[in-house]
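**Q** Take a look at the following structure, please.
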Amino acid sequence: MTVNCVRCHQDKPALEAPPYPGDLGEEIVAKICNDCWNEWLQAEIIVINEFRLNFMEPRANEILVRHLREFLALDQPAPTGE
Ligand SMILES: [Zn+2]
């Protein structure tokens, strides 16, 4: 399955399974290619270290998701045309 990725604007293989439960995971599968997801996995480590995120705190996940959405350009309008 390919996706017209909102981050790199190319038709590329999608993720095989949602990386998160719920709507966020579905949104990532629908909008983001596997390559960009792998780039996020590298960036995620940097974000966790930079903000010293402690996942015992609910806030930590909020911060991570905010950076994820920004990094993956999830809140930008989807490209038009297939
Ligand atoms: Zn991409």
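**Q** Mind checking whether some residue in region 39-56 is of a type in the set (Lys, Arg) and touching a residue at least 40 places away in the same chain (Cβ under 8 Å)?
**A** Within region 39-56, none of the residues are of a type in the set (Lys, Arg) and touching a residue at least 40 places away in the same chain (Cβ under 8 Å).
**Q** Given the criteria surrounded by 10 or more Cβ atoms within 10 Å (Cβ to Cβ), away from the ligand (no atom under 16 Å from the Cβ), modelled with pLDDT of 95 or more and part of a loop (DSSP other than H, G, I, E, B), does Leu53 qualify?
**A** Here the answer is yes, as Leu53 does meet what is asked.
**Q** I've got another one for you. Determine whether region 56-72 contains at least one residue that is in contact with a strand residue (DSSP E or B) (Cβ under 8 Å, 6 or more places away or on another chain) and part of a helix (DSSP H, G or I).
**A** no
Here's the yes/no breakdown for (1) surrounded by fewer than 16 Cβ atoms within 10 Å (Cβ to Cβ); (2) within 10 Å of the ligand (Cβ to nearest atom):
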{"site": "Arg7", "(1), (2)": "no, yes"}
{"site": "Gln10", "(1), (2)": "yes, yes"}
{"site": "Leu15", "(1), (2)": "no, no"}
{"site": "Pro18", "(1), (2)": "yes, no"}
{"site": "Gly22", "(1), (2)": "yes, no"}
{"site": "Lys31", "(1), (2)": "no, yes"}
{"site": "Asn38", "(1), (2)": "yes, yes"}
{"site": "Leu41", "(1), (2)": "yes, no"}
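**Q** Scan region 18-32 for residues that are more than 12 Å from Leu74 (Cα to Cα) and not acidic (Asp, Glu) and jot them down.
**A** The answer is Pro18, Pro19, Tyr20, Pro21, Gly22.
The values are calculated or read from the model by the stated rules, or taken from the named source; none is laboratory data. From a predicted model like this one, the values you see are computed outputs, not experimental measurements. Reconstructed Cβ throughout: ideal geometry from the backbone, glycine too, with neighbour counts over all protein chains shown.
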